[in-house]
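Enquirer: Okay, handing you the structure first.
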Amino acid sequence: MSFSHIRILLDRQLNLIAGGLPVAWENTKFTPVLNQPWLRPTLINGASNNVDLNSHQLNPGIYRVDAFYALGNGEKDLLNKLDEIYNHFKSTLTLTMDDTIINIQSISLLPRLIDEPWIMGSIDINFVNYEDSF
């Protein structure tokens with residue numbers, strides 16, 4: 001298992017459906033342009049757990065995608081983009097890179113927030129990586 005591979009797998013999936021929207025990738029300088037929608041992914045790793053006596057690890061996490069659209073006239077487009085992200089990740093149950101395999105467990109839509117001049121909607125993509133520590 002590799003945390004960098006998990007990030008690459010999830011970022012790659014998001015990039016497939018960004019649809020030309022700018023993405024504020026983590027640890028990369030980004031300045032949003034007023035009235036131009038954009039996305040912001042965040043990887044939140046959960047606590048790893050031993051699942052048996054043979055050192056098998058369960059590594060859960062959340063890949064949160066925030067979508068920002070102009071307040072006042074962008075809510076319909078925001079909801080359409082959140083639907084697109086939801087359907088894209090829902091249809092992709094397993095992602096693999098080298099020896100890293102992650103399974104999408106569930107996807108949740110979070111309440112929309114207003115942060116003028118933006119309206120923000122978020123999706124949490126809950127995943128798990130199961131690994132043999134040996």
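Enquirer: Given the C-alpha atoms of the stretch 1-46, compute the convex hull and give its volume per residue in Å³.
Expert: 80
Enquirer: How many percent of the alpha carbon pairs in the stretch 49-123 exceed a separation of 15 Å? Walk me through the numbers before you get to the answer.
Expert: Working: 1777 of 2775 pairs.
Pairs farther apart than 15 Å: 64 percent.
Enquirer: Specify the residue with the greatest mean-square fluctuation among LEU34, LEU78, LEU93, computed from a Gaussian network of the chain linking alpha-carbon atoms under 10 Å apart.
Expert: Greatest mean-square fluctuation among the candidates belongs to LEU34.
Enquirer: Follow-up. Amide H of ALA24 versus every other amide H placed in the peptide plane: which residues, excluding those fewer than 5 positions away on the same chain, fall under 5 Å?
Expert: It is LEU39, ARG40, by chain and number.
Enquirer: While we're here: Given the options TRP118, TRP38, TRP25, which has the most mean-square fluctuation in a GNM of the chain, springs set between C-alpha atoms less than 10 angstrom apart?
Expert: Per the Cα network of the chain with a 10 Å cutoff, TRP25 tops the list.
Enquirer: Test of understanding: in a Gaussian network model of the chain with alpha carbons linked when under 10 Å, which of ALA47, ALA70, ALA18 would top the mean-square fluctuation ranking?
Expert: Of ALA47, ALA70, ALA18, the Gaussian network model singles out ALA47 as fluctuating most.
Enquirer: Now for a separate question. Return the Rg/Rh ratio of the chain with Cα-based radii and a Kirkwood Rh.
Expert: Details: Rg = 16.1 Å, Rh = 15.7 Å.
Reported Rg/Rh, Kirkwood definition of Rh: 1.03.
Enquirer: Can you give me the distance in nm between label points at ASN15 and ASP124, each placed 7 Å from the Cα along the Cα-to-Cβ direction?
Expert: Output for this residue pair reads 2.7 nm.
Enquirer: While we're here: Could you list which residues have their amide H under 5 Å from that of GLY46, counting only those 5 or more apart in sequence or on another chain, with H placed in the peptide plane?
Expert: GLY61, ILE62
Enquirer: With each pseudo-label sitting 7 Å past Cα toward Cβ, what's the GLU84-ARG112 distance in nm, one decimal?
Expert: 1.6
A short reminder: the numbers here are calculations on the coordinates, not readings from a lab. Computed from a predicted structure; not experimentally measured. As a convention, Cβ positions derive from the backbone with ideal geometry for all residues, glycine included, and neighbour counts pool all protein chains shown.
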